[in-house]
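Engineer: There's a structure below that I have some questions on.
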Amino acid sequence: MEREDAINQLRNLVSGEPELNVGKDDDRILLRYLAYTKFDVENAFEKMKMIYRNKHTYAEWYATERTENQDFVLSRHIHTMIEPRDSQGRRIYIVQLGNIVVSDHQAHEMSQVDDIWLEAVMDEPETQKNGVVFIVDMKGLSWKFMKYFTPTNLKVGSMKAETIPLHSIQFHVINTGMLLNGMVSLVFPLLSTATKESIFFHKSSLESLHKHICPESLPKEYGGTQPPLDYDKNIEIFLKKNNTRLLELLKYGYSTEKK
């Protein structure tokens, strides 16, 4: 199917769903879901409705605007997207779990910050084509982190991980410790086989990580040739420069409850 035909078909479907506010004239959001489903229009529409229904049902878990709480989490240097892509053209998103102060952050607040970073790159054609690779760094992670592993948090967190609208995502877990087995035993039963197969554990081996993500694209902290992580610079590049578009994307969703 030709690209423009697919966009117009999806636009027509969105127009027939009046409660769904996703900007039917916004080709970029339509292309996001088409790329996610390899230009299967009906599937793109179903995925779009599913994700925005989830956003309505679990509203506090999704970023719908920019808030001071999100800025507070950002200031703790837990999550960041870095500018270099890897050798496969993928964006690299780094989450340093050891920087979390459990008493200061709720799980849903950190989920909202994930939304902000991902929304900032999912318009990009290269990202839609090649995807995103997560580096989840457990260095310094406290046992208090297990406080987050409530049934609701596990259910919603795993659901969100499974419904990021990109067809290619990998998770690389580095600097694993004693908490890993407990976390895996709680999380893995909730994940699909495809998602489980996209998760790689590297213990503390940078050599193992580099088999999947080239060091030429990684910061110094992960054995790469790039400069050390600069959180403030990354916020400027990805969030502040794209703020108008980001605010528009965060507002998309169902305006009333969809039956």
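The values are calculated or read from the model by the stated rules, or taken from the named source; none is laboratory data. Since the structure is predicted, the reported quantities are computational estimates derived from the model, not experimental observations. We place every Cβ from the backbone using ideal geometry, glycine too, and count neighbours over all the protein chains shown. Note: accessible area is taken over every heavy atom of the protein model, side chains too, but ligands, DNA and RNA are not part of it. Shrake-Rupley method; radii C 1.70, N 1.55, O 1.52, S 1.80 Å.
Engineer: Show the residue pairs that are 6+ apart or on different chains and have beta-carbon atoms under 7 Å apart, the first residue being within the range 72-94 and on the phi < 0 side of the Ramachandran plot, the second being assigned to a strand (DSSP E or B) and polar (S, T, N, Q).
Structural biologist: Ile78/Gln96; Pro84/Gln226; Ile94/Thr80
Engineer: If I ask for residues that are in contact with a helix residue (DSSP H, G or I) (Cβ under 6 Å, 6 or more places away or on another chain) and surrounded by fewer than 17 Cβ atoms within 10 Å (Cβ to Cβ), which ones from the range 12-26 would you list?
Structural biologist: Gly23
Engineer: Across the range 124-152, what is the number of residues that are of a type outside the set (A, V, I, L, M, F, W, C), modelled with pLDDT under 95 and open to solvent by less than 40 Å² (accessible area, probe 1.4 Å)?
Structural biologist: Summing the residues that are of a type outside the set (A, V, I, L, M, F, W, C), modelled with pLDDT under 95 and open to solvent by less than 40 Å² (accessible area, probe 1.4 Å) in the range 124-152 gives 1.
Engineer: Hand me the list of helices (runs of 4 or more DSSP H) wholly inside the range 176-259 holding 1 or more residues that are open to solvent by 70 Å² or more (accessible area, probe 1.4 Å) and β-branched (Val, Ile, Thr).
Structural biologist: Numbers: elements: 179-187, 193-197, 206-210, 231-234, 243-250.
In the range 176-259, the matching helices (runs of 4 or more DSSP H) lie at 193-197, 243-250.
Engineer: Working only within the range 1-11, note down all residues that are exposed (fewer than 12 other Cβ atoms within 10 Å of the Cβ) and without any contact (Cβ under 8 Å) to a residue 12 or more places away in the chain.
Structural biologist: Scanning the range 1-11 gives Glu2, Glu4, Asp5.
Engineer: Moving to a separate point now. So if I check each of Lys160, Lys155, Lys129, Lys147, which one is in a helix (DSSP H, G or I), farther than 26 Å from His105 by Cα and basic (Lys, Arg)?
Structural biologist: Being in a helix (DSSP H, G or I), farther than 26 Å from His105 by Cα and basic (Lys, Arg) holds for just one of Lys160, Lys155, Lys129, Lys147, which is Lys129.
Engineer: Test His79 against the stated conditions and say whether it is surrounded by 17 or more Cβ atoms within 10 Å (Cβ to Cβ) and at pLDDT below 95.
Structural biologist: no
Engineer: Next question, about the same structure. Have a look at Ala63, Ala35 and point out the one that is assigned to a helix (DSSP H, G or I) and either surrounded by 15 or more Cβ atoms within 10 Å (Cβ to Cβ) or free of Cβ contacts under 8 Å to residues at least 24 places away in the same chain (or both).
Structural biologist: Values: Ala63 fails: assigned to a helix (DSSP H, G or I).
Only one candidate passes the filter, namely Ala35.
Engineer: A further question on this structure: Is it fair to say Val102 is of a type in the set (Val, Ile, Thr), touching a helix residue (DSSP H, G or I) at 6+ places or on another chain (Cβ under 6 Å) and part of a loop (DSSP other than H, G, I, E, B)? Don't jump to the end; show me each part of the working.
Structural biologist: Working: of a type in the set (Val, Ile, Thr): yes; touching a helix residue (DSSP H, G or I) at 6+ places or on another chain (Cβ under 6 Å): yes; part of a loop (DSSP other than H, G, I, E, B): yes.
Yes: the conditions hold for Val102.
Engineer: Quick test of your reading of the structure: His105 fulfils all but one of (1) touching a Gly at 6+ places or on another chain (Cβ under 8 Å); (2) open to solvent by less than 10 Å² (accessible area, probe 1.4 Å); (3) modelled with pLDDT under 95. Name the failing condition by number.
Structural biologist: Of (1) touching a Gly at 6+ places or on another chain (Cβ under 8 Å); (2) open to solvent by less than 10 Å² (accessible area, probe 1.4 Å); (3) modelled with pLDDT under 95, only one is false for His105: (1).
Engineer: Just to be sure I understand the filter: pairs with C-beta atoms under 8 Å, separated by 6 or more residues or on different chains, first member in the range 187-202 and free of Cβ contacts under 8 Å to residues at least 60 places away in the same chain, second member acidic (Asp, Glu). Which pairs pass?
Structural biologist: Taking only residues 6 or more apart or on different chains, the pairs are Leu191/Glu162; Ser192/Glu162; Thr195/Glu162.
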